Every structure is written in C-alpha cells, then in structure tokens.
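Enquirer: This is the structure I want to talk about, given as structure tokens.
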Amino acid sequence: MTNRSGIFDNIDKTVLFLFLLMTGIGWVNIFSAEYSAPGGQILDLSASYGKQMIWIGTAMLAAAAILIIDVRFFTNFAWVIYVLTILALVAVLIWGTEINATKAWFRVGGLAIQPSEFAKYGVAMALASFIGSKRIRKTTNMHRARAFLIILLPAVLVLLQKDVGTTLVFASFVLVLFREGFVGRLTLFFLGLAIFLFILTLMVNEFIIIGSLAIISIITGTIMRKKHAFVAQLTILFLLTSAYVLTVDYAFENVLQSHHKARIEVLVYGDADLQGAGYNLHQSKIAIGSGGLTGKGFLQGTQTQFNFIPEQSTDFIFCTIGEEWGFAGSFVVIGLFSVLLLRLITLAERQKSTFSRIIGYSTISVLFTHFAINIGMTIGLVPVIGIPLPLISYGGSSLWALTLLLFTFLKLDTRRMDMN
Amino acid sequence: MQRYNKTDQYASRKNVIAALVAGVGIVLLIRLFMLQVIDPSYKAFARSNYLRHITDYPSRGLIYDRHGELLVYNEAHYDLMVIPGQVGDIDTVAFCNMLGIDVSTFESRMLQAARHSRFRASLFEKQISKNTFAAFQEKMFRFPGFFVQPRTMRKYNYPVATHTFGYVGEAGPSVINNDPYYRPGDFIGISGIERSYEEVLRGKKGLRIRTVDVFNRDVGPFYEGRYDTLAVPGQDLYTTLDLQLQLYGEHLMKNKRGSIVAIEPATGEILTLISSPSFDPGLLVGRQRTQNYRMLQNDTLKPLFNRALMAQYPPGSVFKPISFLIALQEGIIQPHTIYQCPGVYQSRGVSIRCRSHPNPVNVSSAIQHSCNTFSSIIFQQTINKPGFSSIQESFSRWRAYVQSFGLGQQLGSDLSYELPGMIATPDYYDRIYGPRGWRSQTIISLGIGQGEMGVTPLQLANMTAAIANRGYYYTPHVVRAIGETGELNNQFALVNDVPIHSMHFETIANAMHAVVNNGTARGSRIPGISMAGKTGTVQNPQGENHSVFIAFAPADDPRIAISVVVENAGYGSEWAAPIASLMIEKYLASEVTRRWLENRVANASF
C-alpha cells in the first residue's frame, strides 16, 4: 500500500467500532456495579469506574502509539517483548503484592498491574515469531515441543502465583497451534469431547450417559452400516468413552479430596453450600436470572445495587449486564463478542504473513477463552475460575493487554499488503 | 521476513474455529434464555434476597364498661424474631448469653425456624425483657437475621370479668392453616369476647416492604412504599358490663361455685356475667401464660370453666312461672283457679312431695309458696289437654312454649362457647319408653323444673328478662357499641316474642312480686325497691342441692333481670335469693344498706 499518512485510513472500522462500543458498555456497567448513592462523580478516581476511565483513556493512547509505530518493531522485537514479560512474571513472584491469595500484582500508586495479563501478549509475539519466521516445511515434533514450551514457560510462572484461572487461559493458544497445523483435528475433537463428557458425567448419572452414547452409536452405526471401518471405529470410540465416563465418575467419587470436589460440586449441584463455595455462583445466577427478558434497568438491579455479588465489577460484571439489561442485554453482549471474533477470524485469514495471522489468532484465542469461561462461570456452565470478561470487566492490565494485542493485530492488518 | 507461507494447507481450519465461536455463543444464549426468561425461581430468590417484609402489628381494640370505664388495654412488649436464611456466622455464645439460653436451645430453635421458612421471619424468643431489648438494640449489627418485633400485650385494670373477656393467645396450627391472615406467633382471641369480636378487635396488620443490602442494612422502602399497607388499629369495644356490679358480684361469689347473670330487660344488655371460681385475667398474658394455663387447667374447681354459659342445671322451681304461663295461655287454668294441696301430689303411682304452706292455693299463692302439687296438676292437665291426637303432639306444643323463652337452645349471644342446654324431645321419651309407653305422669317432674331438662344461668336470666318484659326479650349481648364512632351494635335489636298474652305475664309477675314480699324469698326483700323473684332448689343427686334464684326489679318497670346459681348451697331462699337481692340493690340504689346480709353472703363458702 502506498498511503502511509493516516493511521486510521486502513484500520478495520468494524473492529475499532466494536472495541470502543464494548469498552463503553463495560464502563457503564462498572459504574452501575460500583455506584452506591446519588451524587457519585463520574470521574471519582477513588472509585473503580473513575479508575477504569483512566485505564480506557491510557489504553487508547497505547493503541494510538501502536498504530504509529512501524510494523517492523513488532517482528524485530517479538522475542524481546516475550523475554520482558517472562522477566516481569519472575519479578512479580519476588516483589509482587499479594491480593486475594494470588501474588500477581505490582502496585503503582493506587493502580495495580498484573504481569500475567501482558504475558499473553508476549506469548503471542513469540509464537508468531517462531512459527512465522522459521523455515518450517514440515512440522516436526521438535517444532511442536518448542511451540509448547513458549506457552508452557509463562503458564508455569503464573501457576506459581497460584492464579489457576489465568494459567488455564494460556491453554487457549492451542487454538492457534491448531490453526497452524501444530495440533490435529482429532486431537482438538477428543480434547473437546473429553471436557464435555467430564462435565456431563458430574451432572448426570454415568449410566444414562453411557446409555445415550450407546443409542447414538447404534443409530449412527446403522445409518453408516455399509462402511465397516467406520462401524469398527465407532465401536472402539464407544467403548473408550464409556470407560472414560466410568473412570471420571470413579475418580470423582473415590480419588478426589473433599475440598477438591467442593468447587466442582458447586457447579454441578448449583446451590449446595450457599454460604460457602456456592455463594458467588448462587448470587450470580440470582442476579442474572432475575433480569428477565428486558432487565430491571440501569442502576435498578436490586442484586447489583445492594452488592449481593462479590467481585462484581471484575469477574462478575456480566451479572450487572444480565440483571439490569436482561436477556436483551445478554444477547447484545454475546452477539458483540461473536461478531468481533468472527470478524477477527476474517481479518486473520486475509493476512499474507504467518506472523500477522498468528497475532490475529492469538487475539481470537485469548478473547474467546476469556469470553466463554467468564460468562460460562457466571451462569454455572463452567467452574468459577476468576478471569475477567475482556474489554468489559474492571481492570487495567486485562484491558491494556487486550488492547495491545488487538491493536498490534490491527496495525499489522493495515500493512498486510507490505508484509509477507 | 520469510516468504514461506503455509496458509493453504490448514486454511479450512478457520471454519472449525468459527464454528466453535458460534457454537459457544449459541450455548451461552440458550442457557441465558433458560435462566433469564424461562426459569422463574431466580426472580423469587432475588426478591427474598433484598426484600424484608416487616409486619406492623396494630394495637388491639380496648374494652370499656357501660359507663366508659377502661377495662382492658395494651402494653408494649418485644418479640425477638429470626429469618434463618440471613443468619450468618454469628457469635452464638455471646448471643445465647445475652438471651440467657443455652446453645442447644439456640440450635433447636434455629432448626425449628428454618423448618418453617428460610426466608420468612419466625418467632425466636417471645416477650424479651426491656433490658434484653436494650442490649440487643446495641449489638443488633452483630447478629444479622435477627430483629425485634414490637407487639402489644393485654393489660387489665381490674381483675374481673375474666370469662367474659376471654383471653388472647398465639394462633394455633389449625387456625394458621385455615386463615391466611394469621402467621405463626400471631395472636388471636381464644375465648370470650376476645374471640367473638376477634375481627373487630385485631384491626388489620400493616406490611412494609423494605429493601436491604448484602449486610442486611435497611436501604429504604421498596418502590417508595408503593406496596406498603398501613396497620389499621383494632376497634374498641364498649361493653354492656357494669364494672361496679361486676366487682360486687365477684366479691359476693367468693369461695362459691356458681354464677350470676344480670340482664337489662329493655335491651338484652348483659350487666354482669360471673362464673365462680374465677381468676385474674392477667394470668393468661405474657411469658407465664402456658404455665398458668396448665395450673388453672389442673385446678379441681375448674376456674377455666365458664359456668354462666356452659353449666347446665335442671331449673327446679324457678321454672314454675313458665309452666304456669303456658297453662294460663292454654286456658288450663285461670288466675283464680284453686286446688287443694294435701302436701303431696299423687297420681297413678307417681308421688311428689310438697312443703307445708297455706291451703288451698291459687295461681298467685302457688307461685308464692312454690307449690309442687298445683304445678304438677296443671302440667298434667296441659299435657292431657283434649284436642291433641297424641301425647307427642301435645308435649311438642308445650316444648315449643318453653323454647320460646330461649331455653334449651343457643341464644346466639356474642359470647363464645354458649351451650344450648336441653329440653327433652318426644323422640327422647319414645326411645326410652316406646311411643305408647309414656304419659303425662311419666314426665310429671318437668312441671316442677326437674327431670330431663337442662338450662344455663344465661338462659335463666334471659327467661327472667322475658317475664320482666311481659312477653318478649332481646338476645342477650355484652357489647353495645363498636369503635370510636360509638356505632351501636345493631345485630341485637330484634325482638324475640313469647307467644303468651301479656296479661298472663302480669299475673305471674305479680305472683313473683308476692314471692319476695310474702313468700319463699321474703327474707330477701330490699327496702325501698320492689323486687319480683322465684326461688329454686335444684335436686342434685351428686350432693347438696343447688341454690337458685331468679328476679327482676323494679317489679312494675324492670331495669334488671337476674339469675343466681350457687352450687351445693341448699335452698334457693337461703343463698341465691340474698345474693340476687344484694346485686339488685347495688345496681338500682348504688349503695347496699344491708351490710349484715352482705357480710353473711360474702363470708359463706361452699
């Protein structure tokens, strides 16, 4: 492309618009979640909605800076960025501040910075650089191992912070590896099936599941009866899944310690132990469930306004949306995420360079994982692991890291014709 | 940058990722649709989370006597309530120490409350002391889920008329199940006018809906109080009771079993209703109520038993005026009809003894001297009157006359638990003797008020009022007006007529006047007041006879009709008549001049 003058000329307007809209929606709901009495100042810097205003403003500045910087900076300094984020993760283990039993924070004045959020950016850079720059004709196991190592190193450091939720998000880079052919379709399929059956086993009697699997297998097998190889595979698959279901059930009943079971049981049985481990989830479901079709209105959510839900402006921000804007609000937010993600897939696929595409898919993977797990946990579909809803939840590090990732990709996208 | 590009090989995988994104979005939306639109339970949870329903208990209506003297009022007290769902991790030991209970009591009460409802308030400790209340107010923030509910408790200015007032107690399970107004711990009138005027006295509970935050702090009314209702105070009752007469009667009835019922004949208003032995109404209020109730229940003298409404006696000789009135109306006798009394009535193997008195007797002197012979003859003639096809028919007619005086049936007063008494039916005798097996002689004792007949003291007083009125009565009642406006209690304005001519009543009233002036009750004459009365000595196979007296005064313009029953006291003239005369004197003259009689009565005990 020849026109290098305007930063915004080639930028994807859809993504930019969605970014601004979603951070705006996020701020409005943080305001509602934290709002306590009439007369609260919008720019009250002691309140989280005031701080979030600063975070959004500075994130915009960072985004603008990224758009100004030459794309070669990212390709050349990818590994430097990765190493810096790794060093930050090590440093936070030594000098960090502990909040909620997690040693993941640097305190700077009144603001807290979470290096683990930026580590995702580092991983994206390193993966893009590694997979994109190497002359990899045929992916070998050595390549796979190195790619996994890039992801594993920060993941382990984050796990050392005792931040299980964020650690799990690093697993989302599997999607990137899948797209690049480092992970096969079958692997992804079985991984999904294993997770699905695991949760299902805990929720439903194991024999009902095995019975259902048998019926599905028999029907499929009958339809495909001409293809003997398929029937044979199906039979093996059925036997394996049945064994897996029984194993999971046995393990859950007999191997896990009681405190291990607690969080999972909360998910499975919903309202067990309402004052303890189940309190968050129960209150979260009450808030969202009481929203109805159109919600109770801005600042009218009774559960939100009377602070029944802990962590409401951060991990449980979706409660405010569900309660005050109802199913309509939920639909809009999920719709926005889906459109954003699908648009990013389109953008990623139009990249000529692998580097740019990997940055694109990294953005997609991180966004998608946060989105699916966060909303899933507020409505009891996945266990409660504390990770924020991207662009919406209160929290500077998360917003910053995502903004960097997103705008780096948008910048690369504007130069997609120049890159190869 | 490297020119190598592997896009093509795995490009189709974007579809898998896109499908994953879309699939997750759809799953989340389905789940949210179920949660937010389909499933109603979370909406209910949300309400119970942040709404507190606070009941405002109205003050119960006050009770006054007929002169406006305050008899029953209220005093504030405090109940400690709990909403189990909100009780968090509290310092149980400190809490128990404050209340003076042990931890196991605490736990069992919490369990009980939780069984009732997790989200609704249950009574935890009733009527806590003022000190406990003060201590609790200070530390309330430490015990979320607990709150103090102000309530009112009955207080009595005078320890009298217990049976008439009745008492208030907690609504039992059967009431709660049948009437949605009542919740566990609510009070309800259990007996007396507290029961019969419950809906008037209780008022209407108010409901305030408050919103609270996660710390159970009140953060204001729900929707600016749009759904709140104000408590409506109970309406006051202006009774027909005369406090001074009631006090005096209870004084006279001390150490005796029996009852006094006095009625104003012109209105049916009950001036006094006494059942003795009685007890202080204050005993059935407050924390000691259950214990006191048990004590009263175990008392062999049965103080809880309201004799005035629930004790049945054969009326004895006080029934004779009725029997005479029926015979007069039926034309069996005339006022001047004369019979010889040989001291005993004998007919076909039946024999009834009579006391010695001047002979022969007419209607007036037969009443005056309570002649059994005269009574038996006219009863026999009434039943055997020609023109009836059977004894069943003639007896039914006689019985209908008796019932027209309000005997043998519920009068329908505004008092709780009024017993009907009983007058035997023809069927009753048919069952015993066979349809052809009984004659007038078989049932001859009915003519002198004995036999298969049971009446209550209230019915006796009402019957007396009917005689005093010369042929009609108003249903006796104890409340003359309801509420501040003094609205009259109109439900008792209907006249009940007795189908007997008033000239016959005049005859009998005169005879009853003679009873007091120169007959069986001459010892109970009141100086300056003309009283008409009739003595009765009710045969009691279980022990000493019951002393009974009915009276009204002044004889020509009656303002009070009274019945007195003193159980196991012997002759009617000896105890019941003096008591009735003292009561009438007290009521009509305010001051009792016959101190010696008053002392003799008050000091007697049976």
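None of the figures in this text is laboratory data; all of them are computed from the coordinates on show. What you are looking at is a predicted structure, and each value in this text was computed from that prediction instead of being measured. Using ideal geometry, Cβ is built from the backbone for each residue, glycine included, and neighbour counts are taken over all protein chains shown.
Enquirer: Stretched out fully, how many nm does the piece from residue B:183 to residue B:452 gain, at 0.36 nm a residue minus the Cα gap?
Expert: Full extension of this stretch gives 92.3 nm more.
Enquirer: Between residue A:244 and residue B:118, what FRET efficiency comes out of the Förster formula 1/(1 + (r/R0)^6) with R0 = 51 Å and r the beta carbon distance, rounded to 0.05?
Expert: It comes to 0.85.
Enquirer: Further, regarding this structure: Hey, what angle do you get for helix B:391-403 against the long axis of chain B, alpha-carbon based, 0 to 90 degrees rounded to 10?
Expert: It is inclined by approximately 70 degrees.
Enquirer: Please return the longest range in chain A lying between exposed loop sites, taking trypsin sites (Lys or Arg not before Pro), DSSP loop only, at most 10 other beta-carbon atoms within 10 Å, and leaving the sites out. Before the final figure, lay out each step's value.
Expert: Details: sites that count: A:135, A:137, A:138, A:225, A:226.
Formally, the longest exposed-site-free interval is A:227-420.
Enquirer: Also, I was wondering about something else. Ordered by packing density, taken as the mean number of other Cβ atoms within 10 Å over each peptide's residues, highest first, how do B:403-412, A:53-62 rank?
Expert: Details: B:403-412: 19.6, A:53-62: 16.3.
Ranked from most to least packed, the peptides come out as B:403-412, A:53-62.
Enquirer: Is any residue of region B:225-268 close enough, with backbone N under 17 Å, to a label point placed 7 angstrom from the Cα of residue B:540 along the Cα-Cβ axis, and if so, which?
Expert: Under 17 Å, as judged by backbone N against the label point of residue B:540, lie B:253-261 of region B:225-268.
Enquirer: Loop only by DSSP, 16 or fewer other Cβ within 10 Å of the Cβ. Give me the trypsin sites (Lys or Arg not before Pro) in region B:266-362 that pass, ordered by residue number.
Expert: Filter output for region B:266-362: B:287, B:348, B:355.
Enquirer: Summing Lys, Arg as +1 and Asp, Glu as -1, what charge do residues with Cβ under 12 Å from the Cβ of residue B:126 carry, residue B:126 excluded?
Expert: Residues near residue B:126 contribute 0 overall.
Enquirer: Can you tally the net charge around residue B:531? Count Lys and Arg as +1, Asp and Glu as -1, for every other residue whose Cβ sits under 15 Å from the Cβ of residue B:531. List each step's numbers first, then the result.
Expert: Numbers: positive: B:522, B:525, B:534, B:559, B:586, B:594; negative: B:556, B:557, B:585.
Counting the neighbours of residue B:531, the net charge comes to +3.
Enquirer: Give, rounded to the nearest 20 debye, the magnitude of the charge dipole that region B:191-337 has about its Cα centre when Lys and Arg contribute +1 at Cβ and Asp and Glu contribute -1 at Cβ.
Expert: Dipole about the Cα centre, nearest 20: 600 debye.
Enquirer: Run the helix sum for the protein assembly as shown: -39,500 (n - 2.57) per DSSP H stretch of 4+ residues, divided by residue count, reported at 222 nm to the nearest 500 deg cm²/dmol.
Expert: -15500 deg cm²/dmol
Enquirer: Distance in nm between label sites at residue B:348 and residue A:171, each 7 Å beyond Cα in the beta-carbon direction?
Expert: 10.8 nm
Enquirer: Sticking with this one: Region B:48-126 to region A:158-192: how many Å between their Cα centroids?
Expert: When both Cα centres are located, 57 Å separates them.
Enquirer: How far is helix B:41-50 tilted, in degrees, relative to the longest principal axis of the Cα atoms in chain B, given as a value from 0 to 90 rounded to the nearest 10?
Expert: Between the helix axis and the principal axis of chain B, the angle is about 80 degrees.
Enquirer: To continue, here is another question. What list of ³J(HN,Hα) couplings, whole Hz, do you get for region B:248-257 from phi and the Karplus terms 6.51, -1.76, 1.60, once you set θ to phi - 60° and write x for glycine and proline?
Expert: 5, x, 5, 5, 5, 8, 4, 6, 10, 9
Enquirer: In addition: Under the Karplus relation 6.51 cos²θ - 1.76 cosθ + 1.60, θ = phi - 60°, what is the ordered set of whole-Hz ³J(HN,Hα) values for region A:366-383, x standing for Gly and Pro?
Expert: Residue by residue, region A:366-383 yields 5, 4, 5, 5, 4, 4, 5, 5, 5, 5, x, 6, 6, 10, x, 8, 10, x Hz.
Enquirer: Please grab the % of Cα pairs in region A:191-255 that end up more than 21 Å from each other.
Expert: Everything past 21 Å amounts to 26 percent.
Enquirer: May I ask for the net charge around residue B:547, where only other residues with Cβ less than 14 Å from the Cβ of residue B:547 are counted and Lys, Arg are +1 while Asp, Glu are -1?
Expert: On the way: positive: B:256, B:257, B:307, B:534, B:600; negative: B:544, B:567, B:574.
With Lys, Arg at +1 and Asp, Glu at -1, the neighbours total +2.
Enquirer: Next question. Per residue of A:289-299, what is the mean number of Cβ atoms on other protein chains within 10 angstrom of that residue's Cβ? Walk me through the numbers before you get to the answer.
Expert: On the way: counts 14, 12, 7, 5, 3, 2, 1, 1, 0, 0, 0.
Taking all residues of A:289-299 together, the mean is 4.
Enquirer: Output the relative contact order of region A:191-255, whole-number percent, from Cα pairs under 8 angstrom with separation of 6+ residues.
Expert: Normalised by residue count, the contact order of region A:191-255 is 43 percent.
Enquirer: Along the charge dipole of the protein assembly as shown, pointing to its positive end and built from +1/-1 on Cβ of Lys, Arg, Asp and Glu, which listed residue (A:244, B:51, B:377) has its Cα farthest out?
Expert: Final value for the positive-end residue is A:244.
Enquirer: Given B:43/B:205; A:120/A:162; B:534/B:586; B:126/B:254, which pairs have Cα atoms separated by over 23 Å?
Expert: Over 23 Å apart, Cα to Cα: B:43/B:205; B:126/B:254.
Enquirer: Continuing with the same structure: Once you place label points 7 Å from the Cα toward the Cβ at residue B:606 and residue A:418, how far apart are they in nm?
Expert: 12.3 nm
Enquirer: Can you list the GluC sites (Glu not before Pro) in region A:294-390 that are in a DSSP coil and have 15 or fewer other beta carbons within 10 angstrom?
Expert: Passing sites in region A:294-390 do not exist.
Enquirer: Something else now. Between the helical axis of B:320-329 and the dominant principal axis of chain B, each derived from Cα atoms, what acute angle in degrees is found, rounded to the nearest 10?
Expert: Orientation of helix B:320-329: about 70 degrees from the principal axis.
Enquirer: So if I place +1 on the C-beta of Lys and Arg and -1 on the C-beta of Asp and Glu, and nothing else carries charge, what would the dipole magnitude of chain A be about its Cα centre? I want it in debye, nearest 20.
Expert: 1960 debye
Enquirer: If R₀ is 51 angstrom, what is the calculated FRET efficiency for the pair residue B:493 and residue A:207, using the beta carbon separation as r and rounding to 0.05?
Expert: Working: r = 77 Å, r/R0 = 1.52.
After rounding, the FRET efficiency stands at 0.10.
Enquirer: Under the definition of partner shielding as Cβ atoms of other protein chains within 10 Å of a residue Cβ, what is the mean value for peptide A:352-359?
Expert: Average neighbour count from other chains, rounded to a whole number: 3.
Enquirer: Explain nothing, just the number: dipole magnitude of the protein assembly as shown about its Cα centre with +1 on each Lys and Arg Cβ and -1 on each Asp and Glu Cβ, in debye rounded to the nearest 20.
Expert: Working: 88 positive and 71 negative charges, 773 e Å.
It comes to approximately 3720 debye.
Enquirer: Ranked highest first by average number of other Cβ atoms within 10 Å, how do B:226-238, A:360-372 line up? Could the numbers behind the result be given before it?
Expert: Details: B:226-238: 17.2, A:360-372: 26.2.
Output ranking for B:226-238, A:360-372: A:360-372, B:226-238.
Enquirer: Further question: What trypsin sites (Lys or Arg not before Pro) does region B:234-272 have in DSSP loop regions with at most 16 other beta carbons within 10 Å?
Expert: Hits after loop and neighbour filter: B:254.
Enquirer: Estimate the FRET efficiency between residue A:343 and residue B:56 by the formula 1/(1 + (r/R0)^6), using the beta-carbon distance for r and 45 Å for R0, to the nearest 0.05.
Expert: 0.15
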